[in-house]
Amino acid sequence: MPGGAAAEPLPLETLPADPLALPGTQTDPGKGPVTNLPLPRYVTLKTGEGNARRGPGLSNRIDWVFTRAGMPLRVTAEYENWRRVEDTEGLGGWVHYSLLSGVRSVLIQAEMAEFRAAPDSEAEVVLRAERNVIGRILECNPDWCRLSVEGEKGWVSKAALWGVDPGEVIE
């Protein structure tokens, strides 16, 4: 399985967004209550292993283990030092923030993605990458991202990627 393995992970929609929220408290649903950063947003896994737990805290059961350093993850909620994350398949849980990085990467979703010399479907193909290859984002315009994979660089259509939103610009 891409990302990791563990005993029967739960789909994230079955997990509470903020299991310890006080009734009647108001927060901006578009911003994390801890960091004030946008929700949802993308991050990467810093380490080669990261436990995703059922709730925010070490006493909660591990439902999933992410096993690929640099893997893009989508943060959907925050609580203290914990971030609720999901992978491309919607699996995940609560991960300690120290395991995450703001460095951006993407996962190739197309069976074979063509890296081009310029952000244009007619530009020369300089590299090809298979599904599930991780690429580090160098920059993105509304429709294309310039990526680095093992030192090779090129532009890939966002339609072939997971880990960046349509129309998102990264400089």
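Points to keep in mind about this one:
- Of the criteria (1) modelled with pLDDT under 90; (2) out of contact with any Phe, Trp or Tyr (no Cβ under 6 Å at 6 or more places or on another chain); (3) within 19 Å of residue 162 (Cβ to Cβ), which one residue 21 fails: (3)
- Residue count for the stretch 130-162 under the criterion of being touching a residue at least 24 places away in the same chain (Cβ under 8 Å) and farther than 15 Å from residue 71 by Cβ: the result is 16.
- Hits in the stretch 58-79 (condition: in a loop (DSSP other than H, G, I, E, B) and open to solvent by less than 10 Å² (accessible area, probe 1.4 Å)): 71
- Selection within the stretch 82-122 - in contact (Cβ under 8 Å) with a residue 40 or more places away in the chain and assigned to a loop (DSSP other than H, G, I, E, B): 87, 88, 89, 90, 102, 103, 104, 109, 110
- Residue 168 being touching a strand residue (DSSP E or B) at 6+ places or on another chain (Cβ under 8 Å), open to solvent by 40 Å² or more (accessible area, probe 1.4 Å), outside any strand (DSSP E or B) and closer than 24 Å to residue 32 by Cα: yes
- Residues located in the stretch 99-139, provided they are polar (S, T, N, Q), open to solvent by 20 Å² or more (accessible area, probe 1.4 Å) and within 15 Å of the chain's Cα centre (by Cα): 101, 109, 132
- Pairs meeting the criteria (first residue in the stretch 32-43 and open to solvent by less than 50 Å² (accessible area, probe 1.4 Å), second residue assigned to a strand (DSSP E or B), beta carbons under 6 Å, at least 6 apart or on different chains) are 32/78; 41/75; 42/72; 42/74; 43/73; 43/75; 43/100.
- Qualifying residue in the stretch 145-158 (condition: in a loop (DSSP other than H, G, I, E, B) and either surrounded by 14 or more Cβ atoms within 10 Å (Cβ to Cβ) or within 16 Å of the chain's Cα centre (by Cα) (or both)): no
- Number of positions in the stretch 77-112 that are within 21 Å of residue 62 (Cα to Cα) and among the polar types (S, T, N, Q): 4
- Of all residues in the stretch 159-171, those being within 17 Å of the chain's Cα centre (by Cα) and farther than 26 Å from residue 48 by Cα number 5.
The values are calculated or read from the model by the stated rules, or taken from the named source; none is laboratory data. The model shown is predicted, which means the values in this text are computed figures rather than measured ones. Cβ sites come from the backbone with ideal geometry, for glycine too, and all protein chains shown count toward neighbours. Please note that ligands, DNA and RNA were not included when accessible areas were found on the heavy atoms of the full protein model with its side chains. Shrake-Rupley method; radii C 1.70, N 1.55, O 1.52, S 1.80 Å.
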